[in-house]
Amino acid sequence: MSEFSGMDDLLQDFLTESTELLSDVDSKLVELEKRPDDKHLLNDIFRGFHTIKGGAGFLNVDAMVSLCHRTENLFDKLRNGEMTLTPEIMDTILSATATVQDMFVVMQQGRMPVAANAGLLASLDAVLQGEVPPAPVIAAPAPVAAAPAPVAVAPASTAADANGEPPWDVLYNALLDIENPPQVADANQEVVIDDLPAVPAAAVRAAPAAAKGPATMQQPMSQSSQETTIRIDTVRLDQVLNLSGEIGLTKNRLTTLRTDIMAGKMDSVTLKALDEAISQLDLLVGDLQNAVMKTRMQPIGRLFQKYPRLARDLARQLGKEVDLVLIGEETELDKTMLEDLNDPLVHLVRNAVDHGCETMAERTASGKPAQATVELSAVQVGDHIQIEITDNGRGMRPDVIRKKALEKGLIDAETANSLDDKQCLQLIFMPGFSTKDQISSISGRGVGMDVVKTNIQKLNGRIDIQSVVGEGSRFTITLPLTLAILPVLVVRVCDQPFAVPLAMVREIIPIKSEQVQEVSGRATIVVRDEILPVKSLARLLGWQETEVPSFGVLMTSAEHSFILAVDSFVGRDDVVIKPLQNIHPHGVAGATLSGDGSVVLVLDMEDLLHSGTSDNAAVRSSQFIEQIAA
């Protein structure tokens, strides 16, 4: 049962607004470290903590009120010039914001958070008294998509609250042998329970209500509401409402015309009015569709603002100076894509700081500024969003990557010798690949970049790499604006229509028998001095061609370009993909309906291409060449 009974709605409103406010405060704290005398930033951060404290006080969350009050007093002294901001003070402040975030997680589960760590409160009190706070340990952010680490052990003193009380939640879960209890402390901080003092049974029975049930039985109360909640500009909603009214009027007009036609009124005036009404309805539906899609669009800055803090903490831990620059924060992207894009960007930002950027000594020795720069940018290019993560670090050496992949058994010697520099860079996306010889809390396990590529492909996007040794690297992610509507090219094979993502299509060319050449047993065509393999769509699907393919679709995937041989074309279309429930056909991403009501399968080209790398690929190519020649 929730400890906030009767205040559930207020709790959800508080968590939604305060989480966004704290994220904004975190971003401004990183900016404040660059401009410690900026009064505007100091006032904004002060107001942020004051607002969170007020909401927590209304909900009687005394632990959060106490922590925010100390932090608020600290910023009051900073903005009044009574003290100067130092890196040590900033570390203490950032530890406080992390603790407040952890308290939000506890409140999402309907539980009252316990008091903040006594060491953190002591550090804040020391700062307020003008003393130098002890340097807090900055924990490395946990790798995304990795398996949850087992609960470790830590001194009991670090787990006690401000009153010296044992951590009842940790103790309770230890007694019940619960492997993954809900974390009240920082998610990256190790919690140890071996050295806990003996506690009488009566004290255990007097434990807080938060520890009265197994953690696995408690579900976050606001998780679903947060995932399905979105802020929309009222101007956009007004546009949707106006278009809905216009469509209603057009529907009435069509109803009247239908009545006239059913009554036998088929003169030219009636038919012209019908044509005009249908044309108007077509325009209005298109406008309504675009307006509804805009209500789902959110500025990508809401995602970007999480990363300056991540880069700052990681750089501090590694002893580096890194400046994360954000560009294009106003660029809008579908909200569902923003959520799925978080993990890949976390990996790329962390890799840029850890792998890409050198230490200050290394940069100075090579004639570079001591502070490295990582640039995270977003821009809309046509109907796509382009996101780039660029660093001015050491760059990537293709020969080293090739050697590491060979040593780990990810590729064989023949494959390694056939790879050019661009293809070598793509090896970092292979599962298990890592250039680190030693495993650390940050990297070295070979987990990460394969997750990045997989998640980007799920979003119908692609990722490319450019790198110059000694100058830096650039990762470019190209994504559609939304996944709700997918532009496709409808092709026909064996009298069956199929849809392929238009984002992969470069051009359409005719296939002539004299143009098809055999290279290493594979069918190829030379297009503007570029030798491209020809892949028969029918054979990728496992079918036998009923006719010789007449056209080729020049397509580009994340790794290579190729020509998809098809019989004919239906045309371009914007479709809404519907998943196939309980069915997962090979190479099929979903289905949609065509204008005549027939079902059209939307192909997953990456899945189909993977089958083309099998042992019988050369046999299929030989059969295709023979058929073309005949």
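The values are calculated or read from the model by the stated rules, or taken from the named source; none is laboratory data. Bear in mind the structure is a predicted one, so any value in this text is a computation, not a measurement. Cβ coordinates were reconstructed from backbone atoms using ideal geometry, including for glycine residues, and neighbour counts include every protein chain displayed. The area values use the complete protein model at the heavy-atom level, side chains included, leaving out ligands, DNA and RNA. Shrake-Rupley method; radii C 1.70, N 1.55, O 1.52, S 1.80 Å.
For LYS458, state whether it is closer than 30 Å to LEU288 by Cβ and either touching a Phe, Trp or Tyr at 6+ places or on another chain (Cβ under 8 Å) or modelled with pLDDT under 85 (or both). In short, yes. Any residue at all in segment 69-85 that's within 18 Å of ALA126 (Cβ to Cβ), of a type in the set (Asp, Glu) and in contact with a Lys or Arg (Cβ under 7 Å, 6 or more places away or on another chain)? The answer is yes, given that some residue of segment 69-85 is within 18 Å of ALA126 (Cβ to Cβ), of a type in the set (Asp, Glu) and in contact with a Lys or Arg (Cβ under 7 Å, 6 or more places away or on another chain). Meeting the requirement of 2 or more residues that are open to solvent by less than 70 Å² (accessible area, probe 1.4 Å), the strands (runs of 3 or more DSSP E) wholly within segment 485-528 are 486-493, 496-501, 505-510, 522-527.
Residues that are part of a helix (DSSP H, G or I) and under 27 Å from ASP233 (Cα atoms) within segment 314-338 comprise LYS335, THR336, MET337, LEU338, listed in sequence order. Yes or no: ILE465 of a type in the set (A, V, I, L, M), assigned to a strand (DSSP E or B) and surrounded by fewer than 20 Cβ atoms within 10 Å (Cβ to Cβ)? It is true that ILE465 is of a type in the set (A, V, I, L, M), assigned to a strand (DSSP E or B) and surrounded by fewer than 20 Cβ atoms within 10 Å (Cβ to Cβ).
Matching residues to (1) more than 15 Å from LYS535 (Cα to Cα); (2) open to solvent by 60 Å² or more (accessible area, probe 1.4 Å); (3) at pLDDT 80 or above; (4) not in a strand (DSSP E or B):
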position	(1), (2), (3), (4)
GLY571	yes, no, yes, no
HIS584	yes, yes, no, yes
THR592	yes, no, yes, no
VAL600	yes, no, yes, no
LEU609	no, no, no, yes
THR613	no, yes, no, yes
ALA618	no, no, no, yes
GLU626	no, yes, no, yes
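Close contacts from segment 121-138, counting a first residue that is at pLDDT 80 or above and open to solvent by less than 20 Å² (accessible area, probe 1.4 Å) and a second that is charged (D, E, K, R) and part of a helix (DSSP H, G or I), with Cβ to Cβ under 8 Å and a gap of 6+ residues or different chains, come to LEU121/ARG70; LEU124/ARG70. Within the set ALA352, ALA370, the sole residue that is farther than 19 Å from SER467 by Cβ and not aromatic (Phe, Trp, Tyr) turns out to be ALA370. Scanning segment 327-342 for residues that are open to solvent by less than 50 Å² (accessible area, probe 1.4 Å) and on the phi < 0 side of the Ramachandran plot turns up THR331, LEU333, ASP334, LYS335, MET337, LEU338, LEU341, ASN342.
Might you let me know whether segment 530-544 holds any residue that is surrounded by fewer than 19 Cβ atoms within 10 Å (Cβ to Cβ), modelled with pLDDT of 80 or more and under 30 Å from the mean Cα position of the chain (by Cα)? No, the conditions are met nowhere in segment 530-544.
Just one residue in the set LEU324, LEU303, LEU348 is within 28 Å of LEU481 (Cα to Cα), crowded, with 18+ Cβ neighbours inside 10 Å and at pLDDT below 90; that residue is LEU303.
Of all residues in segment 502-527, those satisfying the criterion of being at pLDDT 85 or above and not hydrophobic (A, V, I, L, M, F, W, C) are ARG506, GLU507, PRO510, THR524.
May I ask you to say which residue of THR250, THR255 is without any contact (Cβ under 8 Å) to a residue 60 or more places away in the chain, outside any strand (DSSP E or B) and surrounded by fewer than 16 Cβ atoms within 10 Å (Cβ to Cβ)?
Matching residue, one of THR250, THR255: THR255.
Within segment 51-65, the residues that satisfy the criterion of being open to solvent by less than 50 Å² (accessible area, probe 1.4 Å) and either in contact with a Gly (Cβ under 7 Å, 6 or more places away or on another chain) or outside any helix (DSSP H, G or I) (or both) are LEU59, VAL61, VAL65.
Of the residues contained in segment 369-388, none is found to be touching a residue at least 60 places away in the same chain (Cβ under 8 Å) and more than 23 Å from GLY461 (Cβ to Cβ).
So in segment 31-50, with the set limited to residues that are in a helix (DSSP H, G or I) and in contact (Cβ under 8 Å) with a residue 40 or more places away in the chain, which one is least open to solvent (accessible area, probe 1.4 Å)? Full working, then the answer.
Within segment 31-50, the subset in a helix (DSSP H, G or I) is 31-34, 39-50.
Subsequent filtering for residues that are in contact (Cβ under 8 Å) with a residue 40 or more places away in the chain retains 31-34, 39.
Details: GLU31: 62, LEU32: 0, GLU33: 63, LYS34: 96, LYS39: 104 Å².
So, considering only residues that are in a helix (DSSP H, G or I) and in contact (Cβ under 8 Å) with a residue 40 or more places away in the chain, the one least open to solvent (accessible area, probe 1.4 Å) is LEU32.
Screening segment 51-72 for residues that are touching a residue at least 24 places away in the same chain (Cβ under 8 Å) and of a type in the set (A, V, I, L, M) and picking the one that is farthest from ASP323 (Cα to Cα) gives LEU59. The condition of being under 24 Å from GLU321 (Cα atoms) and modelled with pLDDT of 90 or more holds for only one of THR84, THR97, that being THR97.
Has segment 357-366 got any residue that is open to solvent by less than 50 Å² (accessible area, probe 1.4 Å) and under 30 Å from SER520 (Cα atoms)? Scanning segment 357-366 turns up no residue that is open to solvent by less than 50 Å² (accessible area, probe 1.4 Å) and under 30 Å from SER520 (Cα atoms). Taking segment 1-30 as the range and being small (Gly, Ala, Ser) and surrounded by 13 or more Cβ atoms within 10 Å (Cβ to Cβ) as the test, the residues that pass are SER2, SER18, SER23, SER27.
Picking from LEU281, LEU310, LEU288, LEU341, which residue would you name as being closer than 23 Å to LYS458 by Cα and part of a helix (DSSP H, G or I)? Lay out the reasoning, then the answer.
Numbers: LEU281 fails: closer than 23 Å to LYS458 by Cα; LEU310 fails: closer than 23 Å to LYS458 by Cα; LEU288 fails: closer than 23 Å to LYS458 by Cα.
The conditions single out LEU341.
Going through segment 227-247 one residue at a time, which ones are part of a helix (DSSP H, G or I), open to solvent by less than 60 Å² (accessible area, probe 1.4 Å) and modelled with pLDDT under 90? Step through it out loud before you land on a result.
Of segment 227-247, the ones part of a helix (DSSP H, G or I) are 227, 234-247.
If we keep only those that are open to solvent by less than 60 Å² (accessible area, probe 1.4 Å) as well, we get 236, 240, 243-245, 247.
Hit for segment 227-247 is ARG236, nothing else.
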